[in-house]
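Visitor: Handing you a structure now.
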Amino acid sequence: PGVAWGIPFKIAMVIADDEANDEGGLLIGGNRHRIDFETADTKYEIPNMLSVANKFVNSDGKKFVVTIGDPIIGAIDPITGPAKVIHASITWDMGPPATNPYTFATQATARETYPIFLRHVKDNLPEVKKLIYLAINFRFDLNSAEWAEEAADEIGGFEWLGVNVAGLEIKLKE
């Protein structure tokens, strides 16, 4: 299932790298630095993630890595942190174990986005009155569902029906 994230992500990175390198590289501190872009398919498996992180950081001396969320954060932070490698993760989940000051989330959380989204729904789709959160990832989505419910309560005008995680009904209201 990780291929659904990996292929578009890789294509976007190749395009961005080509554009930056066409201009001489990234401008950092008044100097241009060409991007040495390399990808590795970890198949979203921890042993592969560790192997790739060790190669990129300890063998190749890379100073910047980009990954796609958890569990990669927890797996490679013990490698990237001590080496002071910047780790940009395409995620909003920055709870433990992401305590590395060189690790950054690059997406807004549901806490920031749901109020905007639900105001839009209320203003533009007034016929929508009932909400349920349909989820696929248990840990992330329970946090996100809680924030969605808070936003719905704050904005008002919606009946919150509950959370459905991968077919399991949780906390459904009657």
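Visitor: Kindly indicate whether V165 is modelled with pLDDT under 80 and either under 28 Å from S51 (Cα atoms) or not acidic (D, E) (or both). Give the steps one after another, and end with the answer.
Guide: Details: modelled with pLDDT under 80: yes; either under 28 Å from S51 (Cα atoms) or not acidic (D, E) (or both): yes.
When the stated conditions are applied, V165 passes them.
A quick yes/no check of all residues on (1) farther than 21 Å from K84 by Cα; (2) touching a strand residue (DSSP E or B) at 6+ places or on another chain (Cβ under 8 Å); (3) open to solvent by 70 Å² or more (accessible area, probe 1.4 Å):
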site	(1), (2), (3)
K10	yes, no, yes
D18	yes, no, yes
G25	yes, yes, no
I35	no, yes, no
N54	no, no, no
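Visitor: Is it fair to say E45 is surrounded by fewer than 14 Cβ atoms within 10 Å (Cβ to Cβ), touching a residue at least 12 places away in the same chain (Cβ under 8 Å) and among the acidic types (D, E)? Even if it seems obvious, please write down each step before you answer.
Guide: Working: surrounded by fewer than 14 Cβ atoms within 10 Å (Cβ to Cβ): yes; touching a residue at least 12 places away in the same chain (Cβ under 8 Å): no; among the acidic types (D, E): yes.
Considered against the rule, which asks whether it is surrounded by fewer than 14 Cβ atoms within 10 Å (Cβ to Cβ), touching a residue at least 12 places away in the same chain (Cβ under 8 Å) and among the acidic types (D, E), E45 comes out as no.
Visitor: Now a separate question. If a residue must be surrounded by 15 or more Cβ atoms within 10 Å (Cβ to Cβ) and either in a strand (DSSP E or B) or modelled with pLDDT of 90 or more (or both), how many such residues does segment 115-149 contain?
Guide: Counting residues in segment 115-149 that are surrounded by 15 or more Cβ atoms within 10 Å (Cβ to Cβ) and either in a strand (DSSP E or B) or modelled with pLDDT of 90 or more (or both) gives 8.
Visitor: Here's something else I'd like to know. Looking at K84, is it surrounded by 13 or more Cβ atoms within 10 Å (Cβ to Cβ) and at pLDDT 90 or above? Write out each step before concluding.
Guide: On the way: surrounded by 13 or more Cβ atoms within 10 Å (Cβ to Cβ): no; at pLDDT 90 or above: yes.
For K84, the condition - surrounded by 13 or more Cβ atoms within 10 Å (Cβ to Cβ) and at pLDDT 90 or above - is not met.
Visitor: What is the number of the single condition among (1) at pLDDT below 90; (2) exposed (fewer than 13 other Cβ atoms within 10 Å of the Cβ); (3) of a type outside the set (D, E) that S89 does not meet?
Guide: (2)
Visitor: All but one of (1) modelled with pLDDT under 90; (2) part of a helix (DSSP H, G or I); (3) within 30 Å of L131 (Cβ to Cβ) hold for A75; state the number of the condition that does not hold.
Guide: Against the list (1) modelled with pLDDT under 90; (2) part of a helix (DSSP H, G or I); (3) within 30 Å of L131 (Cβ to Cβ), A75 comes up short only on (3).
Visitor: Which of the residues belonging to segment 23-57 are of a type in the set (V, I, T) and either at positive phi or in a helix (DSSP H, G or I) (or both)? Write out each step before concluding.
Guide: Quick first cut of segment 23-57, residues of a type in the set (V, I, T) only: 28, 35, 39, 42, 46, 52, 57.
I46, V52, V57, listed by residue number.
The values are calculated or read from the model by the stated rules, or taken from the named source; none is laboratory data. What you are looking at is a predicted structure, and each value in this text was computed from that prediction instead of being measured. As a convention, Cβ positions derive from the backbone with ideal geometry for all residues, glycine included, and neighbour counts pool all protein chains shown. Note: areas computed on protein heavy atoms with side chains; ligands, DNA, RNA excluded. Shrake-Rupley method; radii C 1.70, N 1.55, O 1.52, S 1.80 Å.
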